[in-house]
Structures are given as C-alpha cells and as structure tokens.
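Asker: Here it is: the structure, laid out below.
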Amino acid sequence: MAEIKVDCRGETCPVPLVETRKALRKAQTGDIVEVVGTHPSSKKEIPMAVKALGLELLDTQEKNGVWTIRIRK
C-alpha cells in the first residue's frame with residue numbers, strides 16, 4: 001500500500017480536482033491519496049468527486065486556511 005501526496009497549495013479550480021483525479025488514476029486499490037490545498041471551493045468539490053467515484057473519504061481537516069483531504073482508493 002502506498003501513500004500518494006498531491007500538493008495544490010496556491011492553485012485554483014480546476015487544478016486541485018484535476019491533480020487529485022490524476023493521482024487516483026495512478027493509485028492502486030487500497031492506496032491512500034492525500035491532497036493539500038488552499039482553494040476553498042476545491043475543498044468542497046474533491047469530496048463530492050470522491051463520492052461520485054465510489055471511493056472512501058477518510059479525513060478532511062483544515063488549519064490556518066490549508067486543508068488536507070485523505071482518500072482511499
């Protein structure tokens with residue numbers, strides 16, 4: 001099992017979602033993709049995309065305007 005990190009700090013839509021999708025495509029079943037970003041609407045869009053793809057949203061945290069979303073493929 002691997003952990004894939006996607007750093008999208010400072011990027012705006014649709015970059016964080018596009019980068020998250022790319023990472024999820026490369027990931028193997030059971031891998032964890034961790035996305036870090038600062039764009040507020042991506043924080044909402046990524047979990048919606050995860051749900052639409054039928055993947056597991058493990059965790060969403062935000063601290064000082066920087067959010068982290070963890071997804072299991």
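Read-outs throughout are calculated quantities, based only on the coordinates presented, and are distinct from any laboratory measurement. Predicted model only: the values in this text are computed from it and were never measured. Cβ placement follows ideal geometry from the backbone for every residue including glycine, while neighbour counts extend to all protein chains displayed.
Asker: If one takes the longest principal axis of the Cα atoms in the chain, at what angle in degrees, from 0 to 90 and to the nearest 10, does the Cα axis of helix 40-52 lie?
Answerer: Rounded to the nearest ten degrees, it is 20.
Asker: Calculate how steeply helix 15-26 sits against the longest principal axis of the alpha-carbon atoms of the chain, using the helix alpha-carbon long axis, and give the answer as 0 to 90 degrees to the nearest 10.
Answerer: 10
Asker: Right, something else. What share of the DSSP beta bridges in the chain is antiparallel, in percent to the nearest 5?
Answerer: Restricted to the chain, the bridges split so that about 70 percent are antiparallel.
Asker: Can you give the Rg/Rh ratio of the chain, where Rg is from the C-alpha atoms and Rh is the Kirkwood radius? List each step's numbers first, then the result.
Answerer: Values: Rg = 10.9 Å, Rh = 11.8 Å.
My calculation of the ratio gives 0.92.
Asker: With runs of 4+ DSSP H residues as the only contributors, calculate the mean residue ellipticity of the chain at 222 nm using -39,500 (n - 2.57) per run, divided by the residue total and rounded to the nearest 500.
Answerer: Values: 2 runs with 25 residues, N = 73.
Calculated mean residue ellipticity at 222 nm is -10500 deg cm²/dmol.
Asker: In addition: Please compute the contact order of the chain in relative form: average sequence separation of alpha-carbon pairs under 8 Å and at least six residues apart, divided by the residue count, as a percent. Don't skip to the end; give the middle numbers.
Answerer: Details: 137 pairs, mean separation 25.1, N = 73.
In percent, rounded to a whole number, it is 34.
Asker: Relative to the present Cα-Cα distance, how much length would full extension add between residue 15 and residue 1 at 0.36 nm per residue of separation?
Answerer: On the way: separation 14, 0.36 × 14 = 5.04 nm, distance 2.56 nm.
Going from the current span to full extension adds 2.5 nm.
Asker: Provide the gained length on full extension for the span residue 52 to residue 36, in nm with one decimal, where the gain is 0.36 nm per separating residue minus the Cα-Cα distance. Could you put the intermediate results ahead of the total?
Answerer: Working: separation 16, 0.36 × 16 = 5.76 nm, distance 2.00 nm.
Roughly 3.8 nm would be gained on extension.
Asker: With r defined as the distance between the Cβ atoms of residue 29 and residue 63 and R0 fixed at 22 Å, what FRET efficiency is calculated, to the nearest 0.05? Show your work: numbers first, answer last.
Answerer: Working: r = 30 Å, r/R0 = 1.35.
Here the calculated transfer efficiency is 0.15.
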